[in-house]
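Following: one structure in structure tokens, then a few remarks.
The values are calculated or read from the model by the stated rules, or taken from the named source; none is laboratory data. This structure is a prediction, so every number in the text was calculated from the model and none was measured. Virtual Cβ from ideal backbone geometry, glycine too; neighbours counted across all protein chains shown. When the accessible area is computed, the model is the full protein with side chains, heavy atoms only, and any ligands, DNA or RNA have been set aside. Shrake-Rupley method; radii C 1.70, N 1.55, O 1.52, S 1.80 Å.
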Amino acid sequence: MDSRKKPIYLDYSATTPVDPRVAAAMIPWLTEHFGNPASRSHGFGWEAEEAVENARVEVAKLVNADAKEIIWTSGATESNNLAIKGAAQFYKTKGKHLVTLKTEHKAVLDTMRELERVGFEVTYLDPESNGLLDLAKFKAALRPDTIVVSVMFVNNEIGVIQPIAEIGEICRNAGIIFHVDAAQATGKVIIDLEKLNVDLMSFSAHKTYGPKGIGALYVRRKPRVRLEAQTHGGGHERGLRSGTLATHQIVGMGEAFRIAREEMAVENERIRMLRDRLLAGIQGMEEVYVNGDLEHRVPHNLNVSFNFVEGESLIMGIKELAVSSGSACTSASLEPSYVLRALGRNDELAHSSIRFTLGRFTTEADIDYAIALLKERIQKLRDMSPLWEMYKDGIDLNTVQWAAH
Amino acid sequence: MIYLDNNATTRSTSKVVEATVAYLTDCYFNASTSSAGVTGADRPRLHAAAAMKKLVNAEEPDCFIFTSGATESNNWVLTSLRRCGNLGKVVVSSIEHASVLEPALDLRQWGFDVVETPVDSNGVVRIDQLQQHLTHDCVLVSVMAANNETGAVQPIREIGELIRASCPRALFHTDATQAVGKMSVDLRAGWTEVDLASFSAHKFHGPKGIGGLYMRPGIEIHPMLLGGGQEDGWRSGTTNTPGLAGLAIAAEEAASSNYDAVGRLRDLFEARLKATWPDIHIHSQGVTRLPNTSFFSLPGMAGVEMADALAAEGIIVGTGAACSAGAIRPSRTLQSMGVAHEIATAGLRISLSRFSTLQEIEKLIDTLGALRHSLH
């Protein structure tokens, strides 16, 4: 293989580079236009406030919402915390039960666990083996005292798209608040909040070529959804979220979402073609398993288990590619992915998984290089693996009795 | 444009901007991935923690947990009490920023006894009054290090010693948003009894959207934002690498800046004001203040009108806390100090930066003179 200076970035679900157009839009608000948007007594504040409101319109437009329904936060983690804790606390007199999915992001799961500690009850549903939620099982999990449901739009590890429209309809008919973590969905799937029965939706800028440290929460106005504020002071953001607004970051998010709205149709087809090319390239190899449904999936994601190759050693073996074995937040640990475990994958396959996530700056040459590299290195690693040797000798590894150490 | 509203926000320096931008498009990687050491995405946080340690003389870089800013830090400290299991008394000063006062008052519905302790006519917490509230059932005392409006510096050392003597188990939090980067702060001399301190980068020429909480070694509070386990589990959310890179430079630059020079400029400004208008009220002038802040009232002049008129002349000043400037009401701080309504509504706040010049001050004085003449 030829050696390249910079690894090829195939980890767009961990974070994305800020689009140069976004960076260009942000810089003036870091330098000459640095006023505090809350300083309403002078022009420095006014122009910042106007920029913030323009960005709010752009974020709303991408998801077909009203700008008044968008609340700025520091990112999807804060949005998820605010939505779930805020709704549970506000509607606690109606009931104490919440429903979510085992494959949600930690920001949702850890928030749910926190609510359990203060007296709420949470049902964590298993997805099907393709990663999707079964609607009949979902319906069966609802109780008369269910107040909040939280299901992510697009899974961060396997890229599957949940049936948000159907779940929303069920929730609306049952009078249940429906929260959707859409951090991985913006710019990848069409989101129409006029049509979807979603009450709360979390967004992040840095997954869609915007800056880190800024996100938003959609809070439906018709019918009106109420939340208990989690941060107080200053009364910014309809009293739901206080704190000085980071103008440059907000402007960046607005510009990133504008670009996403205008370019996603064309961009996603190009990325789909690249993803399919990557898939075709590695499917020629033996013992390769795609994790998660391929049809109901964003074009950007390919999550594959290479049986008989340990994921971390594989990542070390393909340093020329920047990929991850799970979500960024947990990739520093050696635990197998809880998402793949929830799909029913055994430890070995969960351990041997690689998440490839493609994006705006991925090229065909990148993909061809990745395919050739993977083929060579995986063969090398398997050649060193006694398990692979046993498998090739026709031994059923499930019948082997391992000696305890 | 002459910008004299630096307690509301400051302009990022060119080095800060440069550092921030580098992590937008070039080193854009996620600091939580196992490759962060290779990509360099781990550097901004390390740099920021080291720079903050130096700026406020903390024990360890590990003492700093980074957040989206001081509002989050303040809310985090106050709301964490709900989960610690022991109800008790919470004491805050009557001049706290809304991001301390509001979450404190919210604790009442969770069963806490929340007390606002008063300030004297100079805007300094009254130690005799505070002493009475420091009973054994106190769980938290929160007093800001320096007031955002008057600049009055609070007796943090004295309050800390009082807390340790009267209610040693209580946490001592200070909202140091206006102090950090503008005056000398030493967590190992003077501030030795402070357990928790909030700060924000955009108040000392860093970017908006990044700040943090200092936690004294051995002090723990329950996390507020849950999820990916960033910041060692203390604060989840993807690490804001551009913000931290900017904060690091801002903290370094502040540490090597000359706070006294700003104070001399402010004192000169006030001497001229007094010479021109003997009837002027300079709030908190009798006590130690932030060297950059001058909050004064010219009787008969509405502060908001003056600020608007100055803005029309290209001079940006404040009238009180930026967050409540949408409503025309007298500053809460001045009310707490017992300042008469007509004086309080005349309040005008000048907050300098280390980049402010004598020429800017002279222009302000000339313009104020012309305005007072025409508006009076």
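General remarks:
- Those residues of the stretch A:320-346 which are modelled with pLDDT of 90 or more, under 19 Å from A:Tyr9 (Cβ atoms) and assigned to a loop (DSSP other than H, G, I, E, B), in sequence order: A:Glu320, A:Val323
- Top-ranked residue of the stretch B:42-63 - restricted to ones that are surrounded by fewer than 23 Cβ atoms within 10 Å (Cβ to Cβ) and not in a helix (DSSP H, G or I), ranked as nearest to the other protein chains (Cβ to nearest Cβ): B:Asp42
- Pair list, Cβ < 9 Å and 6+ apart or interchain, from the stretch A:107-123 residues that are within 23 Å of A:Gly75 (Cβ to Cβ) and open to solvent by less than 10 Å² (accessible area, probe 1.4 Å) to residues that are assigned to a helix (DSSP H, G or I) and basic (Lys, Arg): A:Thr111/A:Lys85; A:Leu115/A:Lys85
- Checked against the criterion of being more than 24 Å from B:Ser34 (Cα to Cα), in contact (Cβ under 8 Å) with a residue 60 or more places away in the chain, out of contact with any Pro (no Cβ under 9 Å at 6 or more places or on another chain) and among the aliphatic types (A, V, I, L, M), the candidates A:Leu381, A:Leu387, A:Leu397, A:Leu373 yield just one match: A:Leu387.
- Options B:Leu225, B:Leu247, B:Leu213: the member that is assigned to a strand (DSSP E or B), surrounded by 15 or more Cβ atoms within 10 Å (Cβ to Cβ) and within 14 Å of chain A (Cβ to nearest Cβ): B:Leu213
- Single condition A:Gly235 does not satisfy, out of (1) open to solvent by 10 Å² or more (accessible area, probe 1.4 Å); (2) under 27 Å from B:Gly229 (Cβ atoms); (3) facing chain B (nearest Cβ under 9 Å): (2)
- Residue ID - surrounded by the fewest Cβ atoms within 10 Å (Cβ to Cβ), chosen from residues in the stretch A:53-104 that are within 11 Å of chain B (Cβ to nearest Cβ) and over 19 Å from the mean Cα position of the chain (by Cα): A:Gln89
- Residue within the stretch B:82-99 that is among the aliphatic types (A, V, I, L, M), out of contact with any strand residue (DSSP E or B) (no Cβ under 6 Å at 6 or more places or on another chain), crowded, with 18+ Cβ neighbours inside 10 Å and in a helix (DSSP H, G or I) present: yes
- Only one of the numbered conditions (1) assigned to a loop (DSSP other than H, G, I, E, B); (2) buried (at least 21 other Cβ atoms within 10 Å of the Cβ) is violated by A:Leu217, and that is (1).
- When residues of the stretch B:21-40 are limited to those that are closer than 16 Å to B:Thr238 by Cα and modelled with pLDDT of 95 or more, the one most open to solvent (accessible area, probe 1.4 Å): B:Tyr23
- Within the stretch B:11-41, tally of residues that are assigned to a loop (DSSP other than H, G, I, E, B) and more than 7 Å from every other protein chain (Cβ to nearest Cβ): 6
- Residues within the stretch A:190-210 that are farther than 18 Å from A:Glu263 by Cβ, of a type outside the set (A, V, I, L, M, F, W, C) and part of a loop (DSSP other than H, G, I, E, B), tallied: 4
- Criterion: open to solvent by less than 20 Å² (accessible area, probe 1.4 Å), modelled with pLDDT of 95 or more and touching a Pro at 6+ places or on another chain (Cβ under 8 Å) - qualifying residue of B:Val119, B:Val185, B:Val125, B:Val180: B:Val125
- Test result for B:Gly123, part of a loop (DSSP other than H, G, I, E, B), of a type in the set (Gly, Ala, Ser) and under 25 Å from B:Phe199 (Cβ atoms): yes
- For A:Arg277, the test of being closer than 30 Å to A:Gly344 by Cα, more than 22 Å from the chain's Cα centre (by Cα) and of a type in the set (Lys, Arg) is passed.
- Filter result (open to solvent by 10 Å² or more (accessible area, probe 1.4 Å) and in a loop (DSSP other than H, G, I, E, B)) within the stretch B:155-177: B:Pro155, B:Pro168, B:Arg169, B:Thr177
- First in the stretch B:69-95 and closer than 16 Å to B:Arg169 by Cα, second anywhere and assigned to a helix (DSSP H, G or I) and open to solvent by 20 Å² or more (accessible area, probe 1.4 Å), Cβ under 6 Å, 6 or more apart: B:Val91/B:His133
- Test: A:Asn301 is away from every other protein chain (no Cβ under 14 Å), under 21 Å from A:Tyr369 (Cβ atoms) and open to solvent by less than 30 Å² (accessible area, probe 1.4 Å): yes
- Residue in the stretch B:276-296 that is touching a Lys or Arg at 6+ places or on another chain (Cβ under 7 Å), among the aliphatic types (A, V, I, L, M), open to solvent by less than 40 Å² (accessible area, probe 1.4 Å) and not assigned by TED's automatic domain parsing to the domain that holds B:Lys54 present: yes
- Meets criteria (buried (at least 24 other Cβ atoms within 10 Å of the Cβ) and more than 19 Å from A:Phe203 (Cβ to Cβ)) for A:Thr244: yes
- Test: residue in the stretch A:32-51 that is at positive phi and more than 11 Å from every other protein chain (Cβ to nearest Cβ): no
- Residues in the stretch B:250-265 include at least one that is within 14 Å of another protein chain (Cβ to nearest Cβ), open to solvent by less than 10 Å² (accessible area, probe 1.4 Å) and part of a helix (DSSP H, G or I).
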